[in-house]
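> The structure's right below; bear with me while I get my questions together.
The values are calculated or read from the model by the stated rules, or taken from the named source; none is laboratory data. Quick caveat, the model's predicted, so the values are computed rather than measured. As a convention, Cβ positions derive from the backbone with ideal geometry for all residues, glycine included, and neighbour counts pool all protein chains shown. For the accessible areas, the whole protein counts, side chains as well, though only heavy atoms, and no ligand, DNA or RNA atoms are used. Shrake-Rupley method; radii C 1.70, N 1.55, O 1.52, S 1.80 Å.
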Amino acid sequence: MNIGVIGCGYVGLITGVCLAEMGHSLICVDNNEEKIKKLKNLIPPIYESGLSELLKKNKDRLKFTTSIEEAVKDSTVIFIAVGTPPKESGDADLSAVENVVTSIVKCMDSYRLIVEKSTVPVQTGTKIKSVMEMRASGVPFDIASNPEFLREGSAIDDFLHPDRIVIGLETERAKEILLKIYEPLGVPIIVTDLQSAEIIKHASNSFLATKISYINAISVICELAGANIKDVARGMGLDPRIGDKFLNAGVGFGGFCFPKDVRAFRRISEKLGYRFNLLKEVEKINELAKERFVEKIEDMLWNLQGKLVGILGLAFKPNTDDMRYAPSIDIINHLLSEGAKVVAYDPVAMENARRVLPDIEYRENPYDVADGADCLAIVTEWDEFKNLDLEKIRSLLKTPIIFDGRNIFKKEKMEELGFIYKGIGV
Ligand code: UDX
């Protein structure tokens, strides 16, 4: 099938490359010329494991361009995967979606299926339909919603081996096309109406964020009551109705999906007439997780003025260079505002981090970070940090204090090694 994908961000690019891997011919569009230039040279503009190989492998089925017209002319199906960033109010900014839709409709000369792939508030599909109806001058089209659930760091595997595919649509023709694309994956396909598909995405992300905030709240109670969150989470997670995934307490969730999607879902619910206060609390607990982490550092180091804090991990989670809404940003800015000096290391996110955290010093490896620091704070659970030479780290630190914001170490073992160890909820 000839397929167009508009927007070569995380979701769009992975969608394009994976659909090419499935045997389709793809035209991928982005208005960022720099990005398209890189992609034409088969250089991935983002760090994602396996992406470079897949780009090269499928180069004959992948075209990259800045022209929406080119993609619309040659494709029956067009996926819209442009950004839907948050506005000041928390509402999703859908202006990029609208611009793309109006550009698409201008160059349509026969039937097209327009698929929303970006995460959008419920009823966006209906809005797209009315924008198109006003301008399509009789050219037939269908709208579908096909939310993407891939995670950064395992995006390709998630796309090609998803738990489920969700498709919201209104006609048999659209259903036939999308089933033809996705049936080869051999996974459950939920076919529903546009609104339900849109809500499945927002409701899933908000549920997962709620699960993280729930366990982070429990971790506070564990600290206050002298319990251990790791054992508590394990004891809860073995109940299959709860499940053991997403029960890791830490410094909170970040990334470009959860923070913005929770907020956008709360906003759209409010607009529809329901105050989703539970989600407000989820956001509050997430902020509190970062604040408590800094408070722990302050409690232990006393005055932060002039103290050197070593940070391990900057990306919002391991295996990505993505710094968007990374908890490290708020944590570090808070430390700096208290007069601390910060040195940091991340295996791949330092280049991106320099843009958002220009006032800290970046070092080559974890040992250089520990060297002379008053404490070490782990913010992202990269595997590299789990295998550190801890004796060496202890000898390099000015005082052997470790704040483990992701609970990668065991308290008993760290204390045996001579560290003063503060985890989350332990
Ligand atoms: C998420 C969803 O998982 C995905 O389905 C959706 O399409 C996009 O948003 P992603 O943002 O890539 O994916 O990251 P994810 O692995 O889900 O982690 C999100 C955040 O939650 C990270 O900051 C992570 O550190 C945090 N997290 C996750 C926890 O703090 N504890 C956990 O137990 C799990």
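> Scan the helices (runs of 4 or more DSSP H) fully inside the stretch 371-419 and keep the ones with 3 or more residues being within 16 Å of the ligand (Cβ to nearest atom).
Answer list for the stretch 371-419: 383-386.
> A further question follows. Quick check on the stretch 250-260: of everything there that is within 7 Å of the ligand (Cβ to nearest atom) and touching a Lys or Arg at 6+ places or on another chain (Cβ under 8 Å), which residue is nearest to residue 89 (Cα to Cα)?
Across the stretch 250-260, the extreme among qualifying residues is 256.
> Another question, if that's okay. Taking the stated definitions as given, is residue 178 more than 11 Å from the ligand (Cβ to nearest atom), in contact (Cβ under 8 Å) with a residue 60 or more places away in the chain and at negative phi?
When the stated conditions are applied, residue 178 passes them.
> Still on this structure: Just give me the residues in the stretch 38-51 being assigned to a helix (DSSP H, G or I) and open to solvent by 30 Å² or more (accessible area, probe 1.4 Å), in sequence order.
Scanning the stretch 38-51 gives 38, 40.
> For the stretch 1-37, name all the residues that are open to solvent by 10 Å² or more (accessible area, probe 1.4 Å) and more than 19 Å from residue 178 (Cα to Cα).
9, 10, 30, 31, 32, 33, 34, 35, 37
> Quick one: is residue 165 assigned by TED's automatic domain parsing to the domain that holds residue 22 and within 16 Å of the ligand (Cβ to nearest atom)?
yes
> Pairs please, first residue from the stretch 8-20 and at positive phi, second anywhere and surrounded by 24 or more Cβ atoms within 10 Å (Cβ to Cβ), Cβ atoms under 6 Å, 6+ apart in sequence or on different chains.
Between residues of the stretch 8-20 that are at positive phi and residues that are surrounded by 24 or more Cβ atoms within 10 Å (Cβ to Cβ), there is no close pair.
> Restricting to the stretch 181-219, name every residue that is within 12 Å of the ligand (Cβ to nearest atom) and hydroxyl-bearing (Ser, Thr, Tyr).
Of everything in the stretch 181-219, those that are within 12 Å of the ligand (Cβ to nearest atom) and hydroxyl-bearing (Ser, Thr, Tyr) turn out to be 204, 206, 210, 213, 214, 219.
> Is it the case that some residue within the stretch 301-312 is among the small types (Gly, Ala, Ser), within 15 Å of the ligand (Cβ to nearest atom) and open to solvent by less than 50 Å² (accessible area, probe 1.4 Å)?
No: the stretch 301-312 contains no residue that is among the small types (Gly, Ala, Ser), within 15 Å of the ligand (Cβ to nearest atom) and open to solvent by less than 50 Å² (accessible area, probe 1.4 Å).
> Could you check how many residues of the stretch 109-125 are modelled with pLDDT under 95 and out of contact with any Asp or Glu (no Cβ under 9 Å at 6 or more places or on another chain)?
1
> Then there's this: When residue 268 is evaluated against the numbered criteria (1) assigned by TED's automatic domain parsing to the domain that holds residue 288; (2) within 15 Å of the ligand (Cβ to nearest atom), which criterion, by number, is the only one it fails?
Going through (1) assigned by TED's automatic domain parsing to the domain that holds residue 288; (2) within 15 Å of the ligand (Cβ to nearest atom) one by one, residue 268 breaks only (2).
> Can you tell me how many residues within the stretch 84-113 are in contact with a helix residue (DSSP H, G or I) (Cβ under 8 Å, 6 or more places away or on another chain) and under 18 Å from residue 199 (Cα atoms)?
8
> Return yes or no: is residue 78 open to solvent by less than 10 Å² (accessible area, probe 1.4 Å), in a helix (DSSP H, G or I) and hydrophobic (A, V, I, L, M, F, W, C)?
no
Rundown of residues vs (1) small (Gly, Ala, Ser); (2) part of a loop (DSSP other than H, G, I, E, B); (3) touching a His at 6+ places or on another chain (Cβ under 9 Å); (4) without any contact (Cβ under 8 Å) to a residue 40 or more places away in the chain, yes/no style:
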{"site": "288", "(1), (2), (3), (4)": "no, no, no, no"}
{"site": "291", "(1), (2), (3), (4)": "no, no, yes, no"}
{"site": "296", "(1), (2), (3), (4)": "no, no, no, no"}
{"site": "304", "(1), (2), (3), (4)": "no, yes, no, yes"}
{"site": "324", "(1), (2), (3), (4)": "no, yes, no, no"}
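> Can you pull out every residue in the stretch 337-354 that is open to solvent by 50 Å² or more (accessible area, probe 1.4 Å) and not in a loop (DSSP other than H, G, I, E, B)?
Passing the criteria: 337, 341, 351, 354.
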